[in-house]
Amino acid sequence: MNTTPTTKPEGENAETLFRISDLKKVFGDHTAVNGVSAEIHRGEAVFVLGPSGSGKSTFLRCLNLLEMPDGGEIFFRGDDVRRTDVNAFRARVGMVFQHFNLFPHLSVLDNITLAPVKTGRLSKGEAIFAAERLLKRIGLFEKRHAFPQQLSGGQKQRIAIVRALVMNPDVILFDEPTSALDPEMVGEVLSLMKDLAQGGLTMIVVTHEIAFAREVASRILFMDHGQVISDSTPERFFGEMPSPRIREFLSKVL
């Protein structure tokens, strides 16, 4: 079993964005996250795999303080996240959810530009320019004046990703971004995520898309019962399968 955090990306002096130490989160009598430690370096695509109920999404939500940890430490670029301005922190750490969370009364363009303008990161003109450039990149420029109810599920999720990208974050957290999509819409979202990973975007991805993780991940964290029981490269995770628990998991999902 390999639980030793992997080294920084080979050939790079990559900045450590997240340093997580002994993270814990408890809900009543249930310990959802139980002593997780890990480091996330700039440029990595870290995929968090594991069975349902293993604490993956809770771990991710703790990183963005959507759930407040009950123990341990989270440092982002050297700063304790619980002692920083949460809005400024979240401007650097984007998040893409399962269910898009687009405002139904706002157009695509207004959904994308709302946060950067409200937070003062961009002027209205700058935000529109950045949003339109990103929409052209993903082939949805013609939808910029449409409303969410006029879009497919795959289009909504790609818009949600653009909404996170327009803030120019250091890292984006993806919480099962394809789980709410019809199967035929999954591919267009995964294709965009693959392009972003290959372009060097730092991402932490909770997903059940195992084949996608095998293709795109630079590292895989495997969680079970709230703990990280393996932190390894995809080659080692899918090749050597050092743990009977991992072998059992993969036998059910591959």
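Every read-out reported here was derived from the displayed coordinates using simple, explicitly stated rules and does not represent laboratory data. These numbers come from a predicted model, not from an experiment. Quick reminder, even Gly has a Cβ in these numbers, built from the backbone with ideal geometry, and neighbours come from all protein chains shown.
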Within a Cβ distance under 14 Å of Gly153, other residues only, what is the Lys/Arg minus Asp/Glu net charge?
-> -1
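So between Thr119 and Lys194, what do we pick up on full extension, going 0.36 nm a residue minus the alpha carbon distance?
Values: separation 75, 0.36 × 75 = 27.00 nm, distance 2.84 nm.
Stretched out fully, the Thr119 to Lys194 stretch lengthens by 24.2 nm.
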Computed from the beta carbon distance with a Förster radius of 35 Å, FRET efficiency for Arg247 and Glu142 to the nearest 0.05 stands at 0.15
How much length, in nm to one decimal, is gained on full extension between Asn13 and Val86, taken as 0.36 nm per residue of separation minus their Cα-Cα distance?
-> 23.5 nm
Range in the chain, longest, excluding exposed GluC sites (Glu not before Pro) [loop by DSSP; at most 16 other beta-carbon atoms within 10 Å] = 16-239
Note to self, the chain gives a 222 nm [θ] from helices alone (DSSP H runs n ≥ 4, -39500 (n - 2.57) apiece, / all residues, nearest 500) of -10500 deg cm²/dmol
Give the distance, in whole Å, between the Cα centre of segment 109-140 and the Cα centre of segment 171-217.
-> 22 Å
In a solvent-free Debye calculation with one equal scatterer on each Cα, what is log10 I(q)/I(0) for the chain at q = 0.11 Å⁻¹, listed in the order of the q values?
-> -0.59
Obtain the nm distance between the two label points defined at Ser52 and Asp70 by a simple spin-label model: each point lies 7 Å from its Cα along the Cα-to-C-beta direction.
-> 2.3 nm
